[in-house]
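Engineer: If you scroll down you'll find the structure; I have some questions about it.
The values are calculated or read from the model by the stated rules, or taken from the named source; none is laboratory data. This structure is a prediction, so every number in the text was calculated from the model and none was measured. Counting neighbours? That spans all protein chains shown, and the Cβs are built from the backbone with ideal geometry, glycine included.
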Amino acid sequence: MTIAVPASDRKDLARHLLRSDSIVAQLLVVIALTIGLALIWDGAGQWPEAWTIPVKQWLSDLFRWLDKEATLGLFTVKELTRTIAWVLKQPLIWSEFLLWKSARVYKYLPIFWIFFACAVGFVVARRRDMKTAILSSLAILAVVTIDGFPFILESLAKALKTEPWVEPAALVGISQVPGYLLADVLGFREVKYVPWIAVVLGFGIFAHWVGGWRLATVVVLCMGYLAVTGLWRESMKTFSLVVVAVPFSAALGLWLGIWVTRSERAAAIITPMFDLMQATPHLAYLVPVVVMFGAGQVPALIATMIFAMPPMARCTILGIQTVPSDVVESGRMSGCTPRQLLWKVQLPASEKTLLLGLNQVIMQTLAMVVICSLVGAQGLGHKLLFSLQQLKLGFATMQGIAIVLMAVVLDRLTQAYANKASTHVHADEQSYLERHGHLIAFFAVLIISTIAVFYLRDVSILSRKYLWVTSKDALELDKVIKAITFEMIDYIKPVRDFITVYMLIPMRNMYQALPWSLVLAVLAIVSHRMGGCKLTAITVSLLFFVIVTIGNWEFATTTFYFVSTAAVICVLIGVPLGLWSARSERVAKVVMLVCDTLQTFPSFIYLLPAIMLFRVGELAIIFAIIPYATVPAIRFTYLGIKRIPPVTIEAARMNGATAWQRLWKVELPVAIPEIMLGVNQTIMMALAMTAITALIGGQDLGQEIYRALPTSDAGRGVMAGLGIASLGIIADRLINSWAVKRKRELGVG
Amino acid sequence: MPGDVKISCRNIWKVFGDDPKGFMTAHNGSPSSEALAAEGYIGAVRDVSFDVHAGEILIIMGLSGSGKSTVIRCITRLNDPTTGEIIFDGRDILAANDQEMIELRRHKMGMVFQNFGLLPHRNVLSNVAFPLEVQGIERGQREARAREMIELVGLGGREEYFPRELSGGQQQRVGIARSLAVEPDVWFLDEPFSALDPLIRAEMQDEFIRLQKLLKKTIVFITHDFEEAIKLADRIGIMKDGRLVQLSTPEEMVLNPADEYVTRFTENAPRGRIVSARAIMERAKGKPKKANGAGVPADAKIGEIAEQVLNSSKPVTVVDENGFALGAISRERMASALFARDGL
């Protein structure tokens, strides 16, 4: 069949294609050449195994050497990691005592002294000034630490598995007195964790303080769910990790952010590192941590802290840099030293951005803590993983809901707090009760419930007979879900199999047949067109790095395949939804609420519906990615359209454009850079999610990380993680440079 | 009348670019406009010299991009000038180290900013007390001083308000109170009223005049509004493209504009309120004699005496403070002075 093209047009077309800067012509030539090359020589299609640079092996050896042999002069690396683990374990022990473990009174002494020091500091701060307050708190802690030093040494020695250096029994100082009084004089030998009623009501009271009755109701209902479904202890295990990880990540992020704004050299090193860290999927963090620190709560804490830190640093940098110059100059003219300027002007003035960073840290922490169940962290994630592996879908649903509710509570609370803290209202009209009522109520609840525990055990934790939803109910739910899905599978299965066999598998085969030389060449041409030589150098070298280190080119192409398929579907769903929201305020309200909620869910949760509907397999993987990665496509489309200056739209309407013409000829062309930034985010999120979907199959880079976990093969896991990160950075650089260029051409942003 | 020299700026250059210092050395310390453009440097301030006398209001006027804000930032060392010399109270402040600069700002300098520069997380009281707080002055003392300042600018009763709860004019009053809290020797105002509505602006200018009568500070005031400048200034410096085009009293500037550029500003100036009788009178010949009968004072602005002169058929005598006749103003002379005709 031929299409009749007028001769002159044909000539034009030929001339167009022959022009040296025609990208179509360049691509066609390159594709033909590389396919030809791959047909003649296999090595152009699959990178020859013999030529693979064994970076994986080197890394694994490096980690093994660090773990087994490396020394830093006075002590070995192993001892160093053990000491770090021990230090991090201390606050974790306390948060566990507080939330779900009972312990002897003596174990509480550190908490007691810290509270005591804080209380003294608080009083002094009120009476005198901050400096004296901090100094007096530190002085108390110093005295207690020196006094209790033998005990600390003993505990450290135990952690390092060596002989204690001092005999603690010889020294019993004042730091032990409160314990002695309570345990030996008054007879309180054991202290129970905080009763669930106190935690739930405590959350409620905090919610009321930051957001009024509505938020308080939501929060109490959500937290109540954790108690009445018998998941309280598991939830508190998760929460105890969050409680410790968040301050560490936030402090670390804050510090790094400050450093970046102060030193150009630090910025040059740290900023690209953050880019890499944010593009690296959660799972990849786990492998090296497991190798260095083993499995359990402390490694989970370490991985979580590292993973959740970058958003705080980014927000700190953004916050400090966007403080109006007038404000900074007024601070300098007031005679601030650089330190005063930072703590009294720059940081407080960027309060809102910093609190946004804190919110992100908390959400990332929760997401990571859940995933850390893969390295043996206890808590809700662990239970969920277990239920999923056994296909106990009823249990999984209950546990999944618990995680989601926890995420919602933490998100809403921190957001409400951020709003409250950054809108300052003068306090002169508030009564004493208005100012301190919440604190009084909280302590009242705490004291009453602590006493009530002695008379009614269920105040502490609900016993089985009071649970509203028991494991029997979960079993019932299990049956129901199974029955429904079995019913449905009759209908779903043919569809699933049809899509898989006739659409997905051919597509996958096509992707997997792509020669690396072709992908590299096409990337080079596209990069050059979008951002010039510098961009080309970055993207091509990144891809080349993946090709030569990955060992199996098919892992990369399979990842391409999952991500591109999912991203296309996300864009097809997200862009129209975004457009629709931009047209109607009512739709926008609903859609944005859904987006907000979806964004707070830990990524692990998205496996649940996918497994329910499709069990395992490729369709399930793509299905799990979609809800997670569609959100940015919707949001950026909506924002892109909304940010078009009203004048532009009005001008189009006055020129007589119909609604469709307005959309196609005005709104979309102007908004397209913003929409592409959304697509960029969609791709990044899809990449992160493919790593997690490794749990339900796939032969991609994510699977490589997952397989590396139990074998503690650090090199394999890290390199696969870096591979995913590299792909993400390539997409990010390409799209961003295009969007920035286009925005500049349009004169927006 | 002018007091001692408080600040003396000599040949200040502020050049932006890759290597400003090297560039300046390469061009012997005074590059031409062509050299700047050719090598991609921007001369924000170019060879500016002037003195500020104790107790005077010196206004630096210029349109945006003329370098006026950079000049004030060079004197306060918020930006360091590329080359030049600034003597503040007899000491070279470009040689001062960071700690000395902090001390200077804490005790000798106060500054008001165009967009107020208030700390959003602190209430009025705490904003005004801020410069005292960073000096380490104890709470009770600094808050007492802050309250005094708040009273002074007429914001008594609003101590607990946060900046976003105040109008623009009120916010700038806070800015003024804060800049005065440390009792500075020199008061810098960087377009303090430019962000305000015209009515509020006029009100704040009057407030400023009231405060200055009370405080008698040495003032460096930046504005882009020529009317504001002639209303408030003892002397005005006009800047264009980084250069100081003319520095003189408003009267001198209206009567003898240095060039075309200055003329364009002075053309529409309200001459009646600027020019004094002394400047336009026909000087009496010989030794001044005791005037007989009523005359107009020599320092009176011509706007005030216009009616008297225009209604009189004979030239009106101009007398000095001791009653000696210095000269006379005819009807015609007055008319051409008022309407800026040539021939004066």
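Engineer: So A:Lys352 fits all but one of (1) within 10 Å of chain B (Cβ to nearest Cβ); (2) within 20 Å of B:Gly136 (Cα to Cα); (3) in a helix (DSSP H, G or I); what number is the exception?
Structural biologist: (2)
Engineer: If you go through the range A:459-497, how many residues are surrounded by 15 or more Cβ atoms within 10 Å (Cβ to Cβ) and among the charged types (D, E, K, R)? Talk me through it step by step, then tell me what you get.
Structural biologist: Looking only at the range A:459-497, we keep the residues that are surrounded by 15 or more Cβ atoms within 10 Å (Cβ to Cβ), and these are A:459-462, A:467, A:469-471, A:473-474, A:477-478, A:481-482, A:485, A:489, A:492, A:496.
Adding the requirement that they be among the charged types (D, E, K, R) leaves A:473, A:478, A:482, A:496.
Selection size over the range A:459-497: 4.
Engineer: Just checking, how many residues over the range B:143-181 are free of Cβ contacts under 8 Å to residues at least 24 places away in the same chain and over 28 Å from the mean Cα position of the chain (by Cα)? Give the derivation first.
Structural biologist: From the range B:143-181, those free of Cβ contacts under 8 Å to residues at least 24 places away in the same chain are B:143-144, B:147-148, B:151, B:156-157, B:165, B:170; that's our starting set.
Filter once more, keeping what is over 28 Å from the mean Cα position of the chain (by Cα): B:143-144, B:157, B:165.
Total satisfying the criteria: 4.
Engineer: Tell me which helices (runs of 4 or more DSSP H) are completely within the range B:225-344 and hold 1 or more residues being modelled with pLDDT of 80 or more and closer than 30 Å to B:Ser30 by Cα, or say none if there are none. Let's see the steps before the verdict.
Structural biologist: On the way: elements: B:226-232, B:250-255, B:260-266, B:277-280, B:302-311, B:331-338.
Result: B:226-232, B:250-255, B:260-266.
Engineer: Which of the residues spanning the range A:378-427 are more than 21 Å from the chain's Cα centre (by Cα), in a helix (DSSP H, G or I) and among the β-branched types (Val, Ile, Thr)? If you could, list the steps in order and put the result at the bottom.
Structural biologist: Just the residues of the range A:378-427 that are more than 21 Å from the chain's Cα centre (by Cα), to begin with: A:386-398, A:419-427.
With in a helix (DSSP H, G or I) added as a condition, the list becomes A:386-389, A:393-398, A:419-422.
Within the range A:378-427, just A:Thr397 meets the criteria.
Engineer: Something else about it: Can you spot a residue in the range A:248-259 that is touching an Asp or Glu at 6+ places or on another chain (Cβ under 9 Å) and either away from chain B (no Cβ under 14 Å) or modelled with pLDDT of 90 or more (or both)?
Structural biologist: Kept after step one, since they are touching an Asp or Glu at 6+ places or on another chain (Cβ under 9 Å), are these residues of the range A:248-259: none.
No, because not a single residue in the range A:248-259 is touching an Asp or Glu at 6+ places or on another chain (Cβ under 9 Å) and either away from chain B (no Cβ under 14 Å) or modelled with pLDDT of 90 or more (or both).
Residue-wise test of (1) touching a His at 6+ places or on another chain (Cβ under 7 Å); (2) facing another protein chain (nearest Cβ under 8 Å).
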residue: B:Asn97; (1), (2): no, no
residue: B:Met109; (1), (2): no, yes
residue: B:Asn115; (1), (2): no, yes
residue: B:His121; (1), (2): yes, yes
residue: B:Phe130; (1), (2): no, yes
residue: B:Glu143; (1), (2): no, no
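Engineer: Find the helices (runs of 4 or more DSSP H) located wholly in the range A:474-593 whose residues include 3 or more that are more than 30 Å from A:Arg716 (Cβ to Cβ), and list them.
Structural biologist: On the way: elements: A:505-512, A:516-550, A:553-583.
Result: A:516-550, A:553-583.
Engineer: Moving on to the next point. Can you name the residue in the range A:136-153 that is modelled with pLDDT of 80 or more and surrounded by fewer than 14 Cβ atoms within 10 Å (Cβ to Cβ) and is also nearest to A:Gln340 (Cα to Cα) among such residues?
Structural biologist: If we take residues in the range A:136-153 being modelled with pLDDT of 80 or more and surrounded by fewer than 14 Cβ atoms within 10 Å (Cβ to Cβ), then A:Leu138 is nearest to A:Gln340 (Cα to Cα).
Engineer: For the range A:704-749, name all the residues that are among the charged types (D, E, K, R) and within 22 Å of the chain's Cα centre (by Cα). Walk me through it before giving the result.
Structural biologist: Let us first name the residues in the range A:704-749 that are among the charged types (D, E, K, R), namely A:704, A:707, A:713, A:716, A:732-733, A:741-745.
Once the filter is applied, which keeps residues that are among the charged types (D, E, K, R) and within 22 Å of the chain's Cα centre (by Cα), the range A:704-749 yields A:Glu704, A:Arg707, A:Asp732, A:Arg733.
Engineer: Only one of these conditions is not met by B:Ala195: (1) over 20 Å from B:Asn268 (Cα atoms); (2) more than 14 Å from chain A (Cβ to nearest Cβ); (3) at pLDDT below 90. Which number is it?
Structural biologist: (2)
Engineer: If you don't mind, there's one more thing I want to ask. So is B:Ser179 assigned to a helix (DSSP H, G or I) and either at the interface with chain A (Cβ under 8 Å from one of its Cβ atoms) or on the phi > 0 side of the Ramachandran plot (or both) or not?
Structural biologist: Details: assigned to a helix (DSSP H, G or I): yes; either at the interface with chain A (Cβ under 8 Å from one of its Cβ atoms) or on the phi > 0 side of the Ramachandran plot (or both): yes.
Judged against the criteria, B:Ser179 is a match.
Engineer: What helices (runs of 4 or more DSSP H) lie completely within the range B:33-136 and have 1 or more residues being outside the structural domain of B:Thr249 (by TED's automatic domain parsing) and without any contact (Cβ under 8 Å) to a residue 12 or more places away in the chain? Even if it seems obvious, please write down each step before you answer.
Structural biologist: Working: elements: B:33-38, B:68-75, B:98-107, B:124-134.
In the range B:33-136, B:124-134 are the helices (runs of 4 or more DSSP H) which contain 1 or more residues that are outside the structural domain of B:Thr249 (by TED's automatic domain parsing) and without any contact (Cβ under 8 Å) to a residue 12 or more places away in the chain.
Engineer: For the range A:643-669, how many residues are touching a Lys or Arg at 6+ places or on another chain (Cβ under 8 Å) and farther than 13 Å from A:Leu579 by Cα? I'd like the intermediate steps shown before the answer.
Structural biologist: Applying the first criterion (touching a Lys or Arg at 6+ places or on another chain (Cβ under 8 Å)) to the range A:643-669 yields A:649, A:652-653, A:657, A:662.
Next cut, farther than 13 Å from A:Leu579 by Cα only: A:649, A:652-653, A:657.
So the answer is 4.
Engineer: Which of the helices (runs of 4 or more DSSP H) found entirely inside the range A:277-348 contain at least 3 residues meeting this: facing chain B (nearest Cβ under 10 Å) and at pLDDT 90 or above? Steps first, please.
Structural biologist: Details: elements: A:282-293, A:297-321, A:325-333.
Because the criterion is at least 3 residues that are facing chain B (nearest Cβ under 10 Å) and at pLDDT 90 or above, the helices (runs of 4 or more DSSP H) in the range A:277-348 that meet it are A:325-333.
Engineer: Please go through (1) aliphatic (A, V, I, L, M); (2) surrounded by fewer than 18 Cβ atoms within 10 Å (Cβ to Cβ); (3) assigned to a helix (DSSP H, G or I) for A:Ala657 and return the number of the only condition it doesn't satisfy.
Structural biologist: (3)
Engineer: Any idea which of (1) more than 8 Å from chain A (Cβ to nearest Cβ); (2) surrounded by fewer than 20 Cβ atoms within 10 Å (Cβ to Cβ); (3) not in a helix (DSSP H, G or I) is the one B:Leu155 doesn't satisfy?
Structural biologist: Single failed check for B:Leu155: (2).
Engineer: Then there's this: Can you pull out the residues in the range A:312-348 that are buried (at least 24 other Cβ atoms within 10 Å of the Cβ), among the hydrophobic types (A, V, I, L, M, F, W, C) and farther than 15 Å from A:Trp255 by Cβ?
Structural biologist: Hits for the range A:312-348 are A:Met333, A:Cys336, A:Val345.
Engineer: Which of the numbered conditions does B:Pro81 fail, given that it passes all the others? Conditions: (1) closer than 26 Å to A:Asp129 by Cα; (2) surrounded by 19 or more Cβ atoms within 10 Å (Cβ to Cβ); (3) of a type outside the set (A, V, I, L, M, F, W, C); (4) modelled with pLDDT of 90 or more.
Structural biologist: The number of the failed condition is (1).
Engineer: Can A:Val616 be described as outside any helix (DSSP H, G or I) and touching a residue at least 24 places away in the same chain (Cβ under 8 Å)?
Structural biologist: Details: outside any helix (DSSP H, G or I): yes; touching a residue at least 24 places away in the same chain (Cβ under 8 Å): yes.
It is true that A:Val616 is outside any helix (DSSP H, G or I) and touching a residue at least 24 places away in the same chain (Cβ under 8 Å).
Yes/no per residue for (1) over 30 Å from A:Asp326 (Cβ atoms); (2) in contact with a Cys (Cβ under 9 Å, 6 or more places away or on another chain); (3) surrounded by fewer than 21 Cβ atoms within 10 Å (Cβ to Cβ):
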{"position": "A:Leu354", "(1), (2), (3)": "no, yes, no"}
{"position": "A:Ala367", "(1), (2), (3)": "yes, no, no"}
{"position": "A:Ser373", "(1), (2), (3)": "yes, no, yes"}
{"position": "A:Ser387", "(1), (2), (3)": "yes, no, no"}
{"position": "A:Gln390", "(1), (2), (3)": "yes, no, yes"}
{"position": "A:Met398", "(1), (2), (3)": "yes, no, no"}
{"position": "A:Asp411", "(1), (2), (3)": "yes, no, yes"}
{"position": "A:Tyr417", "(1), (2), (3)": "no, no, yes"}
{"position": "A:Ser422", "(1), (2), (3)": "no, no, yes"}
